[in-house]
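Below is one structure, written out as structure tokens; comments come after it.
The values are calculated or read from the model by the stated rules, or taken from the named source; none is laboratory data. Predicted model, so just to flag it, every value in this text is computed and none were measured. All Cβ positions, even for glycine, are placed from backbone atoms using ideal geometry, and neighbour counts span all protein chains on display.
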Amino acid sequence: MHSFEVLAGDFVKRFNRAHFPSSLPSLYDPAEYFLSIGGKRVRPVMCLMGNELFGDIGNEAWHVAEAIELFHNFTLIHDDIMDNAPLRRGKPTVHTKYNMPTALLSGDVMLISAYDSLNALSEKHLHTVVALFNKTAREVCEGQQLDMNFEKLVTVPMEDYIHMITLKTSVLLAGSLQMGAILNDASEEDQKHLYEFGKNLGIAFQVQDDYLDAFGDPGKFGKQPGGDILANKKTFLLIQALATANTSQKQALEQLLNNNDPKKVEKVLQLFRDTRVDEWAKSLKNRFFDLSLEHLDRITVDNNRKEPLLSLAQFLIQREY
Ligand code: IPE
Ligand code: IPE
Ligand code: MG
Ligand code: MG
Ligand code: MG
């Protein structure tokens, strides 16, 4: 069994190469730029770990891992446009460094490259993997649309937020694990528990992302501090703050949502602290982390094979970047 560090290192060795032709730099340079600025490579490693849980890592798993990372990076380029985000991984986003139409197109071409990688699959698994890949991708689009719909509302029920982050984020973690498992012919039941492990872990992962967006160290996190606050995102922080605030705190929050106060981020963060929602993050994360472990437990392989997934899960919910 291999750790996250080892698998991420091996993946990066394969992945760090030119992915696009040199024929049209105005389109392909931005795409190469984005792939070269790093990232944790969590999803491809999850595909490899899902694969290794049921046998040796096969060649097909490397191709699917690559497809998943290309897809993920495509979603980030487009997400940064939707979220009006200037920074990612400590570097300018593609639409900021180049321009909006180029960011759209370089994202599109990256998605197409993802399908090229999937095309390396043998007949045996091609149909099943592509079906799961497409279902996942469609759900990510739904989650992203809900995320933007919610920007226009004052607040949303906590369960709608959980549903939205399940779609925009956690199905890709879950799907990555399951695709790896499919390639080593895991049983349907094991696949289901692995998927549910990834889904619940993915929720905790996005909760941590939302926490870091507000309270992270910008030097480590690499994104614009308070980006979610500026975009009126309905994160658990805002939902819980509105739910627990007293009348004057609630009024202040609602007013801040409606204007462009130059001190908006600072003031909202203070209200988050006053209502103690920053502390509440831990219990929300742990709720989904515990659920994820219940499913990991029910997978019918030796516990020592699950070790890398368990440490990865612990890292993901405590991460600072
Ligand atoms: C960012 O994902 C998008 C979310 C779903 C929060 P990551 O935090 O995995 O991004 P990189 O690839 O490591 O930059
Ligand atoms: C990202 O959610 C989900 C997808 C990219 C599909 P966020 O908008 O919170 O991700 P970051 O914070 O920009 O990485
Ligand atoms: Mg974003
Ligand atoms: Mg977003
Ligand atoms: Mg975020």
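Numbers at a glance
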item: Where residue 109 falls short, out of the listed (1) at pLDDT 95 or above; (2) within 14 Å of ligand 1 (Cβ to nearest atom); result: (2)
item: Region 213-234 - residue that is surrounded by fewer than 21 Cβ atoms within 10 Å (Cβ to Cβ) and under 23 Å from residue 44 (Cβ atoms) and, of those, farthest from ligand 3 (Cβ to nearest atom); result: 220
item: Residue ranges of helices (runs of 4 or more DSSP H) in region 222-298 with at least 3 members over 21 Å from residue 199 (Cα atoms) and at pLDDT 95 or above; result: 227-230, 236-244, 247-257, 264-274
item: Neighbours by Cβ (under 6 Å, 6+ apart or cross-chain): first from region 288-314, more than 11 Å from residue 2 (Cα to Cα); second among the acidic types (Asp, Glu); result: 295/196; 299/190; 300/190
item: In region 126-152, residue nearest to ligand 4 (Cβ to nearest atom) [restricted to those that are among the acidic types (Asp, Glu) and under 17 Å from residue 74 (Cβ atoms)]; result: 147
item: Residue check for residue 146: out of contact with any Cys (no Cβ under 9 Å at 6 or more places or on another chain) and surrounded by fewer than 23 Cβ atoms within 10 Å (Cβ to Cβ); result: yes
item: Hits in region 64-90 (condition: within 13 Å of residue 40 (Cα to Cα), within 13 Å of ligand 5 (Cβ to nearest atom) and without any contact (Cβ under 8 Å) to a residue 40 or more places away in the chain); result: none
item: Residue count, region 126-159 (criterion: in contact (Cβ under 8 Å) with a residue 60 or more places away in the chain, more than 16 Å from ligand 1 (Cβ to nearest atom) and part of a helix (DSSP H, G or I)); result: 4
item: Qualifying positions in region 163-189 - within 16 Å of ligand 4 (Cβ to nearest atom) and either touching a residue at least 24 places away in the same chain (Cβ under 8 Å) or surrounded by 19 or more Cβ atoms within 10 Å (Cβ to Cβ) (or both); result: 164, 165, 166, 167, 168, 169, 170, 171, 172, 173
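For (1) surrounded by 15 or more Cβ atoms within 10 Å (Cβ to Cβ); (2) out of contact with any His (no Cβ under 9 Å at 6 or more places or on another chain); (3) under 25 Å from residue 104 (Cβ atoms), each residue gets a yes or a no:
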{"site": "8", "(1), (2), (3)": "yes, yes, no"}
{"site": "22", "(1), (2), (3)": "no, yes, yes"}
{"site": "32", "(1), (2), (3)": "yes, no, yes"}
{"site": "37", "(1), (2), (3)": "yes, yes, yes"}
{"site": "60", "(1), (2), (3)": "yes, no, no"}
{"site": "65", "(1), (2), (3)": "yes, yes, no"}
{"site": "68", "(1), (2), (3)": "yes, yes, yes"}
